[in-house]
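Below is one structure; the comments refer to it alone.
Read-outs: derived from the displayed coordinates by stated rules, not from any lab. Here the structure is a predicted model, which means the values were calculated and not measured. Cβ: placed from backbone, ideal geometry, glycine included. Neighbour counts: every protein chain shown.
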Amino acid sequence: MLGDGDGRFLAVLLSRNPALTATAVDLSAAMLRLLRIRCNQTVPDAGSRLETRCADALAYTATPSTERYDLVVTHFFLDCLTQPEVEALAAAIATRLTPGGLWLVSDFRIPLGFMRLPAKLLVQGLYLAFRILTGLRANRLPDHAAALTRAGFSRTAQHRSLFGILTAELWTLPAAETAGTSIIVNRI
């Protein structure tokens, strides 16, 4: 989990997958503390199945490691990065996935059609608010699909909601580039 915030998603993921272990990476120690509290309240054995790392996700994934993951999750995280940062992250994550590994991405998007202008205004307002509150450097949505595609990923599923403003996507590396092992992801 990269930048999972207070752990709402991770708590559900751990509760529905009793064999799953997770590593949550976040730059905020306060958010990691909230994540651990939520997971421990929801999942009795979360403490033994959850590792947290207070680190910059870009630096963490760029550091050479033998650790491999079956699933990487970025919910409303890529929109905090610039296009070059998303490109670097996608390339780094491609080296960290196990054969058949998946990447779940949830983020904002600007849809075509009648919701384009409202979506642009909403996203611009969110970027302004986060720049004021947190000093966020990014000021536009990166093209994560292009970055993931260039890193060798293929989108295998997509769900859009809120008139197309929100997207959830599942990406994988082709079996020829991985060893061809499959895993099952339960819908949560």
Relative packing of 25-38, 51-64, which averages over residues the other C-beta atoms within 10 Å, highest first
25-38, 51-64
With each pseudo-label sitting 7 Å past Cα toward Cβ, what's the SER154-GLU51 distance in nm, one decimal?
3.1 nm
To the nearest 500 deg cm²/dmol, what mean residue ellipticity at 222 nm is calculated for the chain from DSSP H runs of n ≥ 4 alone, each contributing -39,500 (n - 2.57), summed and divided by the residues?
-11500 deg cm²/dmol
Nearest 5 is fine: what % of DSSP beta bridges in the chain come out antiparallel, could you say?
55 percent
Label corresponding to Cα Rg over 2.2 N^0.38 Å when calculated from the structure given, among [x] 1.19; [y] 1.03; [z] 2.05:
[y]
Which residues' amide hydrogens lie under 5 Å from the amide hydrogen of ALA24, considering only partners 5 or more residues apart or on another chain, with H built in the peptide plane?
GLU51, THR52, ARG53
Between LEU128 and ILE110, 0.36 nm times their residue separation minus their Cα-Cα distance comes to what?
4.8 nm
Hey, quick one: spin label on ASP70, modelled 7 Å out along Cα-Cβ, who in segment 93-116 has an amide N within reach, i.e. under 16 Å?
97-104
